[in-house]
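Structure first, commentary second.
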Amino acid sequence: MTTLNKKVTQLRDLLASFNNVVVCFSGGVDSTYLLSEAVQVLGQRAIALTAISPSLAPEEGDAVQTLAATIGARLVLVDTYELDDPRYADNPVNRCYFCKTEVYSQAVKKAAQLGIRQVIDGFNLDDRGDYRPGRHAAKEQGVRSPLDEIGFTKADIREAARQRSLPVWNKPALACLSSRFPYGTTITPARLTQVATCERALRNFGFTVCRVRYFGTRARIEVAPEEIARLRDETVFEAVCANFLTAGFEKVEVDPDGYRQGSLNGETFAQLGQRASGQD
């Protein structure tokens, strides 16, 4: 038995011990794989829960419904109101703590209404190296992370998801839209919509990995390094800029280094020697 197969067996044993669970489900590869295993082990006693708020791109909200149906999981959508909390909306370095507190508390509340005692999420071994204030919220709310407890790495999860033919097995990581704003820049529903609209336009132009960084009237575009040349093509860039101007930006620039996770962290986390998971 391979190491991965042993981990899968251990994961299934752990899930079985819960008897029933609510899985915090974002539609990313981690939570999708976890949900698929939970449904295999527990059937309809495993319920997916997705938090809906302006910081979730509309396309992602649609995707979770399709994925849950593909897996055969019951999906519960809950509205979360982290933007009503100025401690979140003011966008401090520990913004994710206030978001996760809202999400996990709603998940625990819904689980209790359904007669379910355990809430789980897709946090995994590779996530431990990041600065993750949201983990404190998970501990406070009693949320467990089976993938981390068993020792699944990101590579393990992708391979296990591939073996299960899950369509998101190679899906790039995608943080919430709030990660597009430099720390200290106030986050509002209108600004989130503006960013979401522009990222949708980029995807419509065929840029599969893209981020729109918000700097007031200025937008900075990050795409995969191998796609920078195509974005800078005069015809393509003019068309992209037209979409951004319509969305409300006055100036558009291309990041010459391309997309890299946590590009907005800057000196704050360089000083800490850590990478902030909330800035994608």
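Hey, any hits in the stretch 64-79 for a residue that's part of a helix (DSSP H, G or I), under 23 Å from the mean Cα position of the chain (by Cα), surrounded by 14 or more Cβ atoms within 10 Å (Cβ to Cβ) and among the hydroxyl-bearing types (Ser, Thr, Tyr)?
Checking the stretch 64-79: at least one residue is part of a helix (DSSP H, G or I), under 23 Å from the mean Cα position of the chain (by Cα), surrounded by 14 or more Cβ atoms within 10 Å (Cβ to Cβ) and among the hydroxyl-bearing types (Ser, Thr, Tyr).
Only one of these is within 24 Å of residue 137 (Cβ to Cβ), touching a Phe, Trp or Tyr at 6+ places or on another chain (Cβ under 8 Å), among the hydrophobic types (A, V, I, L, M, F, W, C) and not assigned by TED's automatic domain parsing to the domain that holds residue 187: 56, 75. Name it.
Every option except 75 fails the conditions.
Starting from the stretch 87-98, take each residue that is within 15 Å of residue 137 (Cα to Cα) and without any contact (Cβ under 8 Å) to a residue 24 or more places away in the chain and list its partners that are among the hydrophobic types (A, V, I, L, M, F, W, C) and surrounded by 17 or more Cβ atoms within 10 Å (Cβ to Cβ), counting only C-beta distances under 6 angstrom and pairs at least six apart or across chains.
87/98
Please go through (1) at pLDDT 95 or above; (2) within 22 Å of residue 143 (Cα to Cα); (3) surrounded by fewer than 24 Cβ atoms within 10 Å (Cβ to Cβ); (4) touching a strand residue (DSSP E or B) at 6+ places or on another chain (Cβ under 9 Å) for residue 24 and return the number of the only condition it doesn't satisfy.
(3)
Residues that are in the same structural domain as residue 60 (by TED's automatic domain parsing) and among the aromatic types (Phe, Trp, Tyr): does the stretch 175-185 have at least one?
no
Right, residue 35: touching a helix residue (DSSP H, G or I) at 6+ places or on another chain (Cβ under 8 Å), free of Cβ contacts under 8 Å to residues at least 60 places away in the same chain, surrounded by fewer than 24 Cβ atoms within 10 Å (Cβ to Cβ) and hydrophobic (A, V, I, L, M, F, W, C) or not?
The answer is no for residue 35.
Kindly list, by first and then second residue, each pair from a residue in the stretch 115-130 that is assigned by TED's automatic domain parsing to the domain that holds residue 27 to a residue that is small (Gly, Ala, Ser) and at pLDDT below 95, limited to pairs with Cβ atoms under 6 Å and residues at least 6 apart or on different chains.
Listed pairs, sorted by first residue: 130/277.
Only one of 32, 70, 50 is touching a Leu at 6+ places or on another chain (Cβ under 7 Å), within 19 Å of residue 160 (Cα to Cα) and of a type in the set (S, T, N, Q); which?
Numbers: 70 fails: touching a Leu at 6+ places or on another chain (Cβ under 7 Å); 50 fails: within 19 Å of residue 160 (Cα to Cα).
Every option except 32 fails the conditions.
Can you pull out every residue in the stretch 28-57 that is assigned to a helix (DSSP H, G or I) and polar (S, T, N, Q)?
Once the filter is applied, which keeps residues that are assigned to a helix (DSSP H, G or I) and polar (S, T, N, Q), the stretch 28-57 yields 31, 32, 36, 40, 44.
What number goes with the only condition from (1) within 20 Å of residue 172 (Cβ to Cβ); (2) crowded, with 23+ Cβ neighbours inside 10 Å that residue 47 does not pass?
Tallying (1) within 20 Å of residue 172 (Cβ to Cβ); (2) crowded, with 23+ Cβ neighbours inside 10 Å, residue 47 fails exactly one: (1).
Does residue 264 satisfy the condition of being assigned to a helix (DSSP H, G or I) and either within 23 Å of the chain's Cα centre (by Cα) or modelled with pLDDT of 95 or more (or both)?
On the way: assigned to a helix (DSSP H, G or I): no; either within 23 Å of the chain's Cα centre (by Cα) or modelled with pLDDT of 95 or more (or both): yes.
Here the answer is no, as residue 264 does not meet what is asked.
The values are calculated or read from the model by the stated rules, or taken from the named source; none is laboratory data. This one's a predicted model, so the numbers in the text were calculated from it and none came from an experiment. Note that each Cβ is placed from the backbone with ideal geometry, even for glycine, and that neighbours are counted across all protein chains shown.
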